[in-house]
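Accompanying notes for the structure given below.
The values are calculated or read from the model by the stated rules, or taken from the named source; none is laboratory data. Given the structure is predicted, the values throughout are model-derived calculations rather than measurements. Cβ placement follows ideal geometry from the backbone for every residue including glycine, while neighbour counts extend to all protein chains displayed.
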Amino acid sequence: MRRQDAGWWLLILPAFLLMTAFYVAPIDQVLAISFTEPSPGLGNYERLFTSESVQRVILTTLRICVITTSLALLLGYILAYKIALASEVTRRWWILTVLVPLWISVLVRAFAWVTLLRRQGLVNNALMEAGVISEPLQLVWNEFGIIVGMVHYMVPYAVLPLLASMREIDPRLLAAARGLGASRLTIFGRVFLPLSMPGLIAAGVLVFIFSLGFYITPAILGGGKTLMVAEWIGLQILDLIRWGLGTMMATVLVVAILATLAIFSRVVDLRRVFGSGA
């Protein structure tokens, strides 16, 4: 038995060393810099409570993440519900439609939204030709544009865990409820929705965590006017050469992600939610 255990440890040793070299060591370095630059101490972390600009970036990021997660879950649930109840052939086409955006560069999609939403873009031109508006709306390079682009990117990540959860629901339960005279709304509210809740939670956790560290789409569609945490970190490190502040916020971002997982793990079994448990 001991030889077998030693064999398993030897098998996972390369993976452990790679994780240490490429994940743990850089994070430790970031943590160390946040306490030592520009001078040793907690000065960088004090900015969390004293700097209005730092607080504004954090609040903006949280607000955008909550809105993005809510809208992505709403649209993702509707799509997943439609796919789950479709025929096998139709389901394949729907899944392909959901997956295609994942194969397109996020940079390409962000610039596509700029083309659609800019003042002379297709959306404003269509609204003006229809007589809905008299002058172009500011739909991009602001918070609205960021949310539109992020929701578009995150919807597939909401659909996949939702669809996996919905396909595990026994259709005989729905048929039994229908046979007892329950309406479609009652079946959905009392049978389907509670049984799909693990997928809804998994999708929410996934989308929210992805949104916290999102960089490219907010940077392009925000135009530098609406800063989220990831873009703010890049600005501090690459442009202003404030390594202490940048690594401090990076550390806060990592802690926020771990705290999100810890909070949800208190409420639900994440192993079961993400499909790794019995």
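Consider only pairs whose beta carbons are under 6 Å apart and that are at least six residues apart or on different chains; among these, list those whose first residue lies in segment 218-233 and is closer than 18 Å to Ile67 by Cβ and crowded, with 21+ Cβ neighbours inside 10 Å and whose second residue is polar (S, T, N, Q) and at pLDDT 95 or above.
Note: pairs meeting the criteria are Met228/Thr61; Val229/Thr61.
Filter segment 96-105 down to the residues that are surrounded by fewer than 16 Cβ atoms within 10 Å (Cβ to Cβ) and assigned to a helix (DSSP H, G or I), then identify the one that is nearest to the chain's Cα centre (by Cα).
The extreme case among them is Leu102.
Scanning for something at pLDDT 90 or above, under 19 Å from Val54 (Cα atoms), more than 17 Å from the chain's Cα centre (by Cα) and small (Gly, Ala, Ser), does segment 223-243 turn up at least one residue?
yes
So, of the residues in segment 61-94 that are surrounded by fewer than 16 Cβ atoms within 10 Å (Cβ to Cβ) and among the aliphatic types (A, V, I, L, M), which turns out to be nearest to the chain's Cα centre (by Cα)?
Among those residues, the one meeting the criterion is Val66.
Of the conditions (1) over 23 Å from Gly213 (Cβ atoms); (2) modelled with pLDDT under 80, Met19 satisfies every one except a single condition; which number is it?
With (1) over 23 Å from Gly213 (Cβ atoms); (2) modelled with pLDDT under 80 applied to Met19, the lone miss is (1).
Of all residues in segment 78-100, how many are touching a helix residue (DSSP H, G or I) at 6+ places or on another chain (Cβ under 6 Å) and under 26 Å from Ile147 (Cβ atoms)?
Total satisfying the criteria: 5.
Residue by residue through segment 32-68, note down the ones that are closer than 15 Å to Glu143 by Cβ and either outside any helix (DSSP H, G or I) or of a type in the set (Val, Ile, Thr) (or both).
Selection gives Val57, Ile58, Thr60, Thr61, Ile64, Val66, Ile67, Thr68.
What residue, among those in segment 121-132 that are part of a helix (DSSP H, G or I) and of a type outside the set (Gly, Ala, Ser), is nearest to the chain's Cα centre (by Cα)?
Val123
Any residue that is hydroxyl-bearing (Ser, Thr, Tyr) and over 30 Å from Phe214 (Cβ atoms) - is there at least one of those in segment 143-154?
No, because not a single residue in segment 143-154 is hydroxyl-bearing (Ser, Thr, Tyr) and over 30 Å from Phe214 (Cβ atoms).
Tell me the residue from Ile209, Ile257, Ile263, Ile216 that is within 17 Å of the chain's Cα centre (by Cα) and at pLDDT below 85, please.
Just one listed residue meets the conditions, Ile263.
Among all residue pairs at least 6 apart or on different chains, which show Cβ distances below 7 Å where the first residue, located in segment 170-181, is touching a residue at least 12 places away in the same chain (Cβ under 8 Å) and the second is aliphatic (A, V, I, L, M)?
Sorted first by the residue in segment 170-181, then by its partner, the pairs are Leu173/Val191; Leu174/Ile187; Leu174/Val191; Ala177/Ile187; Ala177/Val191.
Could you count how many residues in segment 133-169 are closer than 18 Å to Tyr77 by Cα and in a loop (DSSP other than H, G, I, E, B)?
2
Does Arg92 fit the bill of being closer than 17 Å to Ser165 by Cα and either assigned to a loop (DSSP other than H, G, I, E, B) or not polar (S, T, N, Q) (or both)?
For Arg92, the condition - closer than 17 Å to Ser165 by Cα and either assigned to a loop (DSSP other than H, G, I, E, B) or not polar (S, T, N, Q) (or both) - is met.
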